[in-house]
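Engineer: Got a structure for you, questions after.
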Amino acid sequence: MSSSTSSSAALRIVPATPDRWDDFETLFGPRGASSGCWCMFLRVRRAEWEKGKGEGNRLAIKHLIEAGEVPGLLAYDGDEAVGWCSIAPRAAFPGLGTSRILKPVDDRPVWSIHCFFIRRSHRGTGVSQALLHAACDFARARGAEVVEGYPVDPAPGRYPAAYAWHGFASAFRKAGFTECLRRSDTRPIMRRSLAGG
């Protein structure tokens, strides 16, 4: 996959494959990015996610990666992993189907981006936007026609990074996504068509 560029540095964005597990684990840290999640929220039912918080979720995502499934992309600044973005067909996230505000818009076979984790030192530098572009390229290469995201669109003012793991609507807009539905004041469903390159 070609490199993407943030506003502060050239980034290399690549699939999370077994040989990059150590980098993924280091990026997520002992808390698994947030409260022992390890990007398993929405990949499993809520009860299973709660039960797996911490080590269970870490082993679950490790199993996915080691089995050859690519659950997302890693952004590198030099040799250091500084960002993560989940990307997969929507069917890989059963938790989306049980959400009142994120249930399917229609029956189109979309791919979904539902999670970001950016190293604190690189937040606000364009890493998430670079990951969005790379995720669309990744999905297109695998036959996707539409990519969907579920960002937050908060009122003006500072929004806690801990609650922004879905990404911000502003970054999605800059990456060519448009809003297609909003069932919540602050949670639009946004899509980008991949037709035509």
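Engineer: Name the long-range amide H neighbours of G83: under 5 Å, sequence gap of 5 or more, or other chain; modelled H, no Pro or chain starts.
Structural biologist: A75, R119
Engineer: Please report, in Å, the Rg and the Dmax of region 4-193, where both are computed over Cα atoms only.
Structural biologist: 15.4, 42
Engineer: So which aspartates and glutamates pass the test for K53, namely a Cα distance under 19 Å, with those fewer than 8 places away in the same chain ruled out?
Structural biologist: Straight-line reach from K53, under 19 Å: E25.
Engineer: Which peptide among 111-118, 166-173 comes first, and what is the full order, when sorted by highest mean count of other Cβ atoms within 10 Å? If you can, show how the numbers build up before the last one.
Structural biologist: Numbers: 111-118: 26.0, 166-173: 20.0.
With the highest mean Cβ count within 10 Å placed first, the list reads 111-118, 166-173.
Engineer: Summing -39500 (n - 2.57) over the DSSP H runs of n ≥ 4 in the chain and dividing by its residue number, what mean residue ellipticity at 222 nm do you reach, to the nearest 500 deg cm²/dmol?
Structural biologist: On the way: 6 runs with 52 residues, N = 197.
Helices in the chain give a 222 nm mean residue ellipticity of -7500 deg cm²/dmol.
Engineer: Hey, another quick one. With N set to the residue count of region 97-168, report its C-alpha Rg divided by 2.2 N^0.38 Å to two decimal places.
Structural biologist: Details: Rg = 13.7 Å, N = 72, 2.2 N^0.38 = 11.2 Å.
Normalised by 2.2 N^0.38 Å, the Cα Rg of region 97-168 equals 1.23.
Engineer: Moving on. In percent, what relative contact order does the chain have, based on Cα pairs under 8 Å that are 6 or more apart in sequence?
Structural biologist: Values: 358 pairs, mean separation 38.4, N = 197.
About 19 percent, as a whole number.
Engineer: Report, in order of residue number, the helices in the chain meeting two criteria: a C-alpha extent of 18 Å or more along the helix axis, and a mean Kyte-Doolittle hydropathy of at least 0.5; treat each whole DSSP H run as one helix. All intermediate terms of the calculation are to be shown ahead of the outcome.
Structural biologist: Working: long enough: 127-141 (21 Å, 0.71).
Qualifying helices: 127-141.
Engineer: Lys and Arg at +1, Asp and Glu at -1: add these up for the other residues within a Cβ distance under 9 Å of C37 and post the number. Could you put the intermediate results ahead of the total?
Structural biologist: Working: positive: R31, K53; negative: none.
Cβ neighbours under 9 Å give a net charge of +2.
Engineer: Roughly what % antiparallel, to the nearest 5, for the DSSP beta bridges in region 4-193? Mind dumping the intermediate values first?
Structural biologist: Values: 25 of 30 bridges.
In region 4-193, approximately 85 percent of DSSP beta bridges are antiparallel ones.
Laboratory data are not the source of any read-out in this text; all were calculated from the coordinates shown. Note that the coordinates shown come from a computational prediction; the quantities given were computed from them, not determined experimentally. Glycine gets a Cβ as well: all are built from the backbone with ideal geometry, and neighbour counts include every protein chain shown.
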